[in-house]
1. Could you bin all the Cα-Cα distances of region 97-190 into 10 Å bins starting at 0 and give me the percent of pairs in each, rounded to whole numbers?
2. Return the long-range amide H neighbours of Leu89 (sequence gap of 5 or more, or a different chain), with a cut-off of under 5 Å between placed amide H atoms.
3. Taking the Cα atoms of region 117-160, report the difference between the largest and smallest coordinate on each principal axis, in whole Å and largest first.
4. What is the ratio of the Cα radius of gyration of region 54-120 to 2.2 N^0.38 Å, with N the residue count, to two decimals?
5. Going by accessible area, probe 1.4 Å, with all protein chains left in place, what is the ranking of Lys109, Lys249, Lys129, largest first?
6. In what sequence, largest accessible area first, do Ser163, Ser185 appear using a 1.4 Å probe?
7. If the chain between Arg50 and Val7 were fully stretched, how many nm would it gain, using 0.36 nm times the residue separation less the Cα-Cα distance?
8. Taking 0.36 nm per residue of separation and subtracting the Cα-Cα distance, what length does fully extending Glu114 through Asp126 add?
Amino acid sequence: MKTAVEVCPLCAGSGWKPVPGAPERGVTRCDCQLRARGGALITSARIPKRYEHCELSNFEFEGPHSHLARARMAAYRFVEEYPVNKTGLLFVSPTPGLGKTHLAVGIAKALIREKGIECVFYDYADLLKQIQDSYNPTVQKTELGLLRPVFETEILVLDDLGSVRPTEWRWDTVRLILNTRYNDSRTTIITTNYADGPAAKPSGDTTTRYSEDFGTPEPADRARLTLGDRIGDKMRSRLHEMCRVVQIKGPDFRQNFKSASFG
């Protein structure tokens, strides 16, 4: 038995609804079309399962989290002003667990649902590993195929920038990504666990630059090193042209919760 297909009462299935008060035949995209596009864009945004719950509306910023209110306000303001203001955001905090990724994902989901903007999420280390693996002839994806959405998506969320030890190849890759998006006037939202400072290492010190390790640095290393150390001062300068820096400070509530619950 066939069931009747549900037809939107606003547009009668046409995808367009009349604009109240507009001249004769004034129409705009119907809400049902925006919802359908939003659902497709959420699916293709590559948001990891562990962050699927992240919304701007459920970001905690009151009481013991009041120090996060300014970061939350910056996220809401970004959504409101885009695309009139297309300057990206760089969420910075050497302390993990303060909600940098939550805010970045929340922004992406709000832009998708409210404005139909295409957004794609990539973890920095995972992206580099995928690109490196593409050089293997047995892997189906090519480097260009992997990088095309990174270059072309309207908004790129690049999470945990600098999380793997720098090598010349990794510096070249991040330079290619950031410069391509900068030259094409595309918006990038970035999170990092490194302080926004110039390279602290003396000129010519390459002790960590050539390590191929993809492991996460120890907390002591994160506290000692800067974003300039991890991606180079030239690319840090480029980020300052592309993004507004949002500093986030405070204790790691995830760690505190674990200690209180299981300590």
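The values are calculated or read from the model by the stated rules, or taken from the named source; none is laboratory data. Quick caveat: nothing in here was measured; it's all calculated off a predicted structure. Note: accessible area is taken over every heavy atom of the protein model, side chains too, but ligands, DNA and RNA are not part of it. Shrake-Rupley method; radii C 1.70, N 1.55, O 1.52, S 1.80 Å.
1. 15, 45, 32, 7, 0
2. Thr188, Ile189, Ile190, Arg244
3. For region 117-160, the Cα spread along each principal axis is 35, 20, 10 Å.
4. Dividing the Cα Rg of region 54-120 by 2.2 N^0.38 Å gives 1.09.
5. Ranked list, largest accessible area first: Lys249, Lys129, Lys109.
6. Greatest to least solvent exposure: Ser185, Ser163.
7. Between Arg50 and Val7, full extension yields an extra 12.0 nm.
8. Full-extension gain reported as 1.5 nm.
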